[in-house]
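No value in this document is a laboratory result; all are computed from the given coordinates. Small disclaimer: the values here were computed from a predicted structure and weren't measured. Backbone-built Cβ (ideal geometry, glycine too); neighbour counts: all protein chains shown.
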Amino acid sequence: MSDVLIVDDPAPHVRRLTLNRPEKRNALSNELRAQVFAALEAADTDPEVRVTILRGAGPCFSAGYDLSGGTAPPYPFHTAGGAGHWSRHVVEGCFRVWDLAKPVIAQVHGWCLAGGSELATACDLVYVAEDAKIGYPPVRMMSPPDNQFHPWLCGLRPGMEMMLTGDAIDGLEAVRVGFANRAFPAAELEAGVLAMAERVAKIPTDVQQMNKRSVHRAMEIMGLRAAIRAGAEIQALALTTASSRETFGKIREDLTKGLSARDEAFGDYRTGS
């Protein structure tokens, strides 16, 4: 591992991965994504590990994908090419986490936006700081999510509101609508997550993987996997719209100005006071 991902074992049977690009708000470059997937898969095959925590260093969990060029090839793993490749690739990555035998816990503080929120929702449990800010601002000028989790986790009305505004919700609201399991005061988040991880780790993996799959299979029978894959195709189609192309053109010219132009009418994210 390079210094963009820190790996430690803070308690017996608990592996912890820390996204370590704080100067970039832990933007998800393909280098970082590749290391996250490799570390998760290594933990899944390590007999000493029963649960993995995923968190971010510095002021936030992750502000999303690295739009400054970090999502260019090479990719962490092969996904069928052609139109819509990126959205399919993102969804494939989320299901790589979903399909692991061992539980993965997201520990979310600060900003958890766009691709960062998709990564969190791929985890089995999500614990958040009360003052975390979770949202998907690309819906304003680009597209819906690659990993269309909102209606599944948050339900129709809250999910629709997040889709139609791009507004961020705090940790308490994230728990209320079903995005997260529990919220903690920011100073208590790390201890609270570690305590939950230790409880999860009391159950042997050969039993726990069946517990995890039982919940996932129920969701899949209701159509989650098919719906998220269909959502990826809609996301790819959205990128062909005139508004999306115009926004990406602005981002290519100047990332900060492009994102500010997206959010200035709302007065939040980069344009908030």
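Remarks
- Of all DSSP beta bridges in the chain, antiparallel share, percent nearest 5: 25
- Sorted peptide list for 166-172, 223-229, criterion being average Cβ within 10 angstrom, highest first: 166-172, 223-229
- Subtracting the Cα-Cα distance of S68 and D254 from their residue separation scaled by 0.36 nm leaves 66.0 nm.
- Loop-located GluC sites (Glu not before Pro) in the range 221-273 whose Cβ has at most 16 other Cβ within 10 Å (DSSP): E264
- Angle of helix 156-165 to the longest C-alpha principal axis of the chain, folded into 0 to 90 degrees and rounded to 10: 40°.
- Segment I6-T240, length gained on full extension (0.36 nm per residue, minus Cα span): 80.5 nm
- Relative to the longest principal axis of the Cα atoms of the chain, the long axis of helix 85-98 lies at roughly 20 degrees.
- F95/I221 FRET efficiency (R0 22 Å; Cβ-Cβ; nearest 0.05): 0.90
- To the nearest ten degrees, helix 189-200 and the longest principal axis of the Cα atoms of the chain are 50 degrees apart.
- Choice from H216, H89, H150 showing the highest fluctuation, given a GNM over the chain with Cα pairs closer than 10 Å: H216
- Across K24/K212; K24/K202; K24/K257; K24/K102, pairs whose alpha-carbon gap is larger than 27 Å: K24/K212; K24/K202; K24/K102
- Label zone at E188, where the point sits 7 Å out along the Cα-to-Cβ direction: the range 132-153 residues whose backbone N lies under 20 Å: 132-133
- On full extension, the segment bounded by Y75 and E23 gains 16.5 nm, given 0.36 nm per residue less the C-alpha separation.
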